[in-house]
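Just below is one structure, and these are the notes that go with it.
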Amino acid sequence: MNMLLNFTDGTPFSKGAADYNNVPGYELSEHMVLMVEVGDHPRKRMTEAVVYTGVPYLICTRAMAKAVGIALDKPEETGRVRVEGVWVEGGIHNVTLTLLADEYKGESVPLPVWAFVPDREEDFNPEHLPPMYLGLKGCLNSFLFAVDPFSQTFHFG
């Protein structure tokens, strides 16, 4: 059983942890894939997400954004993001992301993050990958996190 991480003075580093790449279909993925929940009740959805620190924000497909109730016609801001080497225009929205802890590995952590949704579905519709990328700026930098590659565990909180 994996224990949560602590600082040297004994205070907790993380609130929860989840094994990555234990999502069916992604067991052997070269990408780090986690289960998350996005949105607020009653439109909250559980889905797979790729940890992708090379992009800012939580990036999601238009279909997933609609499913979780993001008002695509009312972004907080508009802008462009470079995704896998391609500049993509879109809207930036505030959404709740919940990192899901595995059983006996602490607690799940909900937090507000910025979600980037492309203006056109064809600009971000990753083939053979989950419909969301967990980027660094505006998403993962909202909390401490660590990756243990030996146990394939993502610690967060």
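The values are calculated or read from the model by the stated rules, or taken from the named source; none is laboratory data. Model, not experiment: these values are computed from the prediction. No Cβ is skipped: glycine too gets one built from the backbone with ideal geometry, and neighbour counts run over all protein chains shown.
In contact with a helix residue (DSSP H, G or I) (Cβ under 7 Å, 6 or more places away or on another chain), more than 17 Å from residue 23 (Cβ to Cβ) and not aromatic (Phe, Trp, Tyr): does that describe residue 113? Reasoning before the result, please.
On the way: in contact with a helix residue (DSSP H, G or I) (Cβ under 7 Å, 6 or more places away or on another chain): yes; more than 17 Å from residue 23 (Cβ to Cβ): yes; not aromatic (Phe, Trp, Tyr): yes.
Yes, satisfied.
Can you give me the number of residues within the range 110-140 that are farther than 14 Å from residue 98 by Cα and out of contact with any Phe, Trp or Tyr (no Cβ under 6 Å at 6 or more places or on another chain)?
Going through the range 110-140 one residue at a time, the tally reaches 16.
Applying the selection to the range 97-109, what residues are out of contact with any Lys or Arg (no Cβ under 7 Å at 6 or more places or on another chain), touching a residue at least 40 places away in the same chain (Cβ under 8 Å) and not β-branched (Val, Ile, Thr)?
Within the range 97-109, the first condition is being out of contact with any Lys or Arg (no Cβ under 7 Å at 6 or more places or on another chain), and the residues that meet it are 97-105, 108.
When the remaining residues are screened for being touching a residue at least 40 places away in the same chain (Cβ under 8 Å), the result is 97-102, 104-105, 108.
Once the filter is applied, which keeps residues that are out of contact with any Lys or Arg (no Cβ under 7 Å at 6 or more places or on another chain), touching a residue at least 40 places away in the same chain (Cβ under 8 Å) and not β-branched (Val, Ile, Thr), the range 97-109 yields 97, 99, 100, 101, 102, 104, 105, 108.
For the range 1-113, list the strands (runs of 3 or more DSSP E) that sit wholly inside it and hold at least 1 residues that are loosely packed, with under 13 Cβ neighbours inside 10 Å; which are they? Break it down stepwise before answering.
Details: elements: 16-19, 32-38, 45-51, 58-60, 77-83, 86-99.
Where strands (runs of 3 or more DSSP E) fall fully within the range 1-113 and carry at least 1 residues being loosely packed, with under 13 Cβ neighbours inside 10 Å, they are 45-51, 77-83, 86-99.
What residue, among those in the range 126-157 that are at positive phi and modelled with pLDDT under 90, is surrounded by the most Cβ atoms within 10 Å (Cβ to Cβ)? Break it down into steps so the answer makes sense when it comes.
Of the range 126-157, the ones at positive phi are 128, 138, 152, 157.
Narrowing further to those that are modelled with pLDDT under 90: 128, 157.
Values: 128: 8, 157: 20.
By that ranking, first place goes to 157.
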